[in-house]
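To start, the structure itself, in structure tokens.
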Amino acid sequence: MRHGKKTNHLSRKTAHRSALLSNMACSLIEHKRINTTLAKAKALRKYVEPLITKSKQDTTHNRRIVFSYLKNKDASSVLFRDVAPKINDRPGGYTRIIKLNNRLGDNAEMAMIELVDFNDLLTKDQTKKKKTRRRGGKKTSTAASKPAESNDVIEDVEIIEESPEFLKDENPPQEDVKMDTTKAEPENSEEKNDDDKSAPPPKEGDKK
């Protein structure tokens with residue numbers, strides 16, 4: 001049972017364990033990605049992430065604290081110069097552990113530990129999203145999109161109304177046809193009257 005055992009000693013004494021983690025932290029900062037056993041990767045994450053948090057504030061005091069753990073000038077300068085600007089907006093979780101195949105010799109569990117913001121494949125298409133709250137921000141966006149759709153429909157209706165104007169001369173309405181027929185009726189009546197006038201009156205002998 002491992003009651004109360006919060007730290008993994010990695011089968012090493014204190015000096016050896018601190019030197020191991022210091023060297024691995026320097027390698028991780030310089031190369032941004034290293035392969036090691038799963039137990040060492042988990043121990044390294046607890047060791048290096050507080051140092052990365054310290055590098056967010058570039059002060060002489062923080063530089064001395066980080067250097068006391070890393071014991072490497074080049075690694076500490078890279079941490080403050082290159083790593084800190086990229087992880088400045090991230091509130092923790094600077095590293096990622098990915099499990100790999102077991103080692104062939106002793107079948108130990110292997111893993112890769114890397115800095116999250118330096119993975120080009122995963123951060124290539126990511127864009128910074130604006131922080132929003134749950135106060136119905138989506139409702140305003142949907143309400144703004146609805147009037148735009150209604151305007152498009154109105155424009156389409158206007159185009160449909162304009163099209164019959166070009167066809168007025170070709171196909172006259174039925175009212176005009178009716179007017180022509182009413183005008184034609186008096187002409188027919190006059191023709192009938194002319195026919196009556198041209199016909200000779202009946203003779204008296206014919207009446208008898």
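In whole Hz and in residue order, list the ³J(HN,Hα) couplings for region 31-46 that follow from phi through the Karplus curve 6.51 cos²θ - 1.76 cosθ + 1.60, θ = phi - 60°; x for Gly and Pro.
9, 6, 6, 9, 9, 7, 6, 5, 5, 5, 5, 5, 5, 5, 4, 5
Between region 33-71 and region 83-102, how far is it from one alpha carbon centroid to the other, in angstrom?
That distance is 12 Å.
Classify region 14-122 as rounded, prolate or oblate, taking a ≥ b ≥ c as the square roots of the eigenvalues of its Cα gyration tensor: rounded when a/c is under 1.5, otherwise prolate if a/b is larger than b/c and oblate if not. Numbers along the way, then the final one.
On the way: a/c = 2.38, a/b = 1.44, b/c = 1.65.
Oblate, because a/c is 1.5 or more while a/b does not exceed b/c.
What full-extension length gain, to one decimal in nm, is calculated for LYS46 and ARG64 as 0.36 nm per residue of separation minus the Cα-Cα distance?
4.5 nm
Residue-wise, which Karplus ³J(HN,Hα) couplings in Hz belong to region 10-23, taking 6.51 cos²θ - 1.76 cosθ + 1.60, θ = phi - 60°, and x for glycine or proline?
Going residue by residue, I get 6, 6, 9, 7, 4, 5, 5, 5, 5, 5, 4, 5, 5, 5 Hz, with x marking Gly and Pro.
Values in this text are rule-based calculations from the coordinates and carry no lab data. For clarity, every value in this text was computed on a predicted model and none was experimentally measured.
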